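Input: a single structure, listed below in structure tokens.
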Amino acid sequence: MQTRVLTVDVMACSPALLLMDRNLLARKQNARLDKQNDLGWKLFGKVPLRENAQKESKKIQKEYEDKAGRPSRPPSPKQNVRKHLDFEPLSTTALILEDRPANLPAKPAEEAQKHRQQYEEMVVQAKKRELKEAQRRKKQLEERCRLEESIGNAVLTWNNEILPNWETMWCSRKVRDLWWQGIPPSVRGKVWSLAIGNELNITHELFDICLARAKERWRCFSTGGSEVENEDAGFSAADREASLELIKLDISRTFPNLCIFQQGGPYHDMLHSILGAYTCYRPDVGYVQGMSFIAAVLILNLDTADAFIAFSNLLNKPCQMAFFRVDHGLMLTYFAAFEVFFEENLPKLFAHFKKNNLTPDIYLIDWIFTLYSKSLPLDLACRVWDVFCRDGEQFLFRTALGLLKLFEDILTHMDFIHIAQFLTRLPEDLPAEELFASIATVQMQSRNKKWAQVLTALQKDSREMEKGSPSLRH
């Protein structure tokens, strides 16, 4: 009975209860919405800010701007900045110009202005860098075009004017000036052959004979034979075998970065043939370490037989023969002559070297033995060879003085160890024009005596090579 009455009361009060339930439900829904809207203040939230909150933040910003006397809203960066750009900036750079997400308070005007200035400065700097890089590339292109045009004109001059009239023109002023600027690669081999000459009268047939003997010798040693050539009877089998082993070892270390002279390379057999043929042609000299670099440079510019002819005649020059036959007395004479001109041209550096007991043999031997082909970049070494073929041995020592003069300021602040390390490992990016400008300032004249006269005077003196030789005091 009670239950029935209660049911009736509830049913009787149902309209009022339903109204209360709706009000309660509405309050709960509003509470949930408020809670969701509160999440809009979280960083990077996806829920938008409450409308009142947005209005409130804008009101606060407007009040701040009115007090500061600034415009109510800075101009849009997209309208005032980007439309004037010649290129679209990187996204990381442009971030400072983007408006903050809608769920974050807007930037203060002062901060927005600061960011805009920073951005404009970054754009200006980027434009400057791009302009500078474009100017550098344009300058390089112009220089390359100028160089190619110069080389093309020089090739025509050498082929059409100089080479056909070599005997009458090679020593003219015009040719000497053109020679100093560097011989074009396409005619370099021909000019070198003419300049070096063939005083030994070596023919292609003689090269074939020497090469055949070298191959026979290699075959005998590879099979363990004991055959001895009649002309080699004065030289022990051990010496000949040592030369063959040294050739094999040196070839693998010749211009390793080029990878053309090593085993399997396109010029390996050619280099091996020239060095082997020379040991048969001059068994009294044999193979000496450093010859492979000279032969390799010639191979890059001449055919095999012509390279052998130039190689043999080049090594027959007095300076090269003194070094490759290891004539200590004559080598000391060359060092003494070099020091005469060293003191004449670079007295301060000469005194510094003397103070540190740095003798010329420490750095000159490698330079002379390889004719700078190992110490200098290959293209620069070829330019040194150009003038060396024209001027002879004195240019080798003039080049040495040019290198010392070029690095004089650095060398004067080094001790013995660092000087020796620097000169035996010269910088790889050595500019050709700077080196030749330095060489041009070197005077190969001392007390009115030229290189040949000084060398002759020293050769007349004792082999002890004391400083202040009597022949130089007159």
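My understanding is that a pair violates if its Cα-Cα distance is over 30 Å; which of Lys355/Lys449; Lys190/Lys317; Lys355/Lys450; Lys114/Lys138; Lys317/Lys405; Lys107/Lys132 do that in this structure? From Lys355/Lys449; Lys190/Lys317; Lys355/Lys450; Lys114/Lys138; Lys317/Lys405; Lys107/Lys132, over 30 Å: Lys114/Lys138; Lys107/Lys132.
For the pair Lys348 and His328, a Förster radius of 35 Å applied to the C-beta separation gives a FRET efficiency near 0.70, rounded to the nearest 0.05. Stretching the chain fully between Trp166 and Asp429 yields a gain of 91.2 nm (0.36 nm per residue, less the alpha carbon separation). In the complete set of protein chains, residue-level accessible area for Trp170 is approximately 90 Å², probe 1.4 angstrom.
How large, in percent, is the carbon and sulfur part of the accessible surface of the stretch 145-194 at a probe radius of 1.4 Å?
Numbers: 1620 of 3000 Å².
After summing per-atom areas, the C and S share lands at 54 percent.
Under conditions of 10 °C and 1.306 mPa s, the stretch 317-469 yields 101 µm² s⁻¹ as its translational diffusion coefficient, taking Rh as the Kirkwood radius over Cα pairs in the Stokes-Einstein equation. Over what distance in Å are the Cα centres of the stretch 367-442 and the stretch 261-288 separated? Cα centres, the stretch 367-442 to the stretch 261-288: 27 Å. Looking at the stretch 317-469, the accessible area is 46 square angstrom per residue; that uses a 1.4 Å probe and ignores ligands, DNA and RNA. Once the Cα-Cα distance is subtracted from the 0.36 nm per residue extended length, the Ala437 to Ser252 segment shows a gain of 63.2 nm.
Apply 1/(1 + (r/R0)^6) to the Cβ-Cβ distance of Asp461 and His268, taking R0 = 45 Å, and write down the FRET efficiency to the nearest 0.05.
Working: r = 46 Å, r/R0 = 1.02.
Efficiency, from the Cβ-Cβ distance: 0.50.
Rounded to a whole number of µm²/s, how large is the Stokes-Einstein D of the stretch 145-194 at 4 °C and 1.567 mPa s, given Rh as the Kirkwood radius over C-alpha pairs? Walk me through the numbers before you get to the answer.
Working: Rh = 11.0 Å.
After rounding, the answer is 118 µm²/s.
For the stretch 255-264, putting each phi into the Karplus relation 6.51 cos²θ - 1.76 cosθ + 1.60 with θ = phi - 60° gives couplings of 6, x, 5, 7, 6, 10, 9, 7, 3, x Hz, in residue order, rounded to whole numbers and with x for Gly and Pro.
Find out how many positive minus negative residues lie around Leu315, taking Lys and Arg as positive, Asp and Glu as negative, among other residues whose Cβ is under 11 Å from that of Leu315. Spelling it out: positives minus negatives among the neighbours equals +3.
The values are calculated or read from the model by the stated rules, or taken from the named source; none is laboratory data. These numbers come from a predicted model, not from an experiment. Using ideal geometry, Cβ is built from the backbone for each residue, glycine included, and neighbour counts are taken over all protein chains shown. Heavy atoms of the whole protein, side chains included, go into the accessibility calculation; ligands, DNA and RNA do not. Shrake-Rupley method; radii C 1.70, N 1.55, O 1.52, S 1.80 Å.
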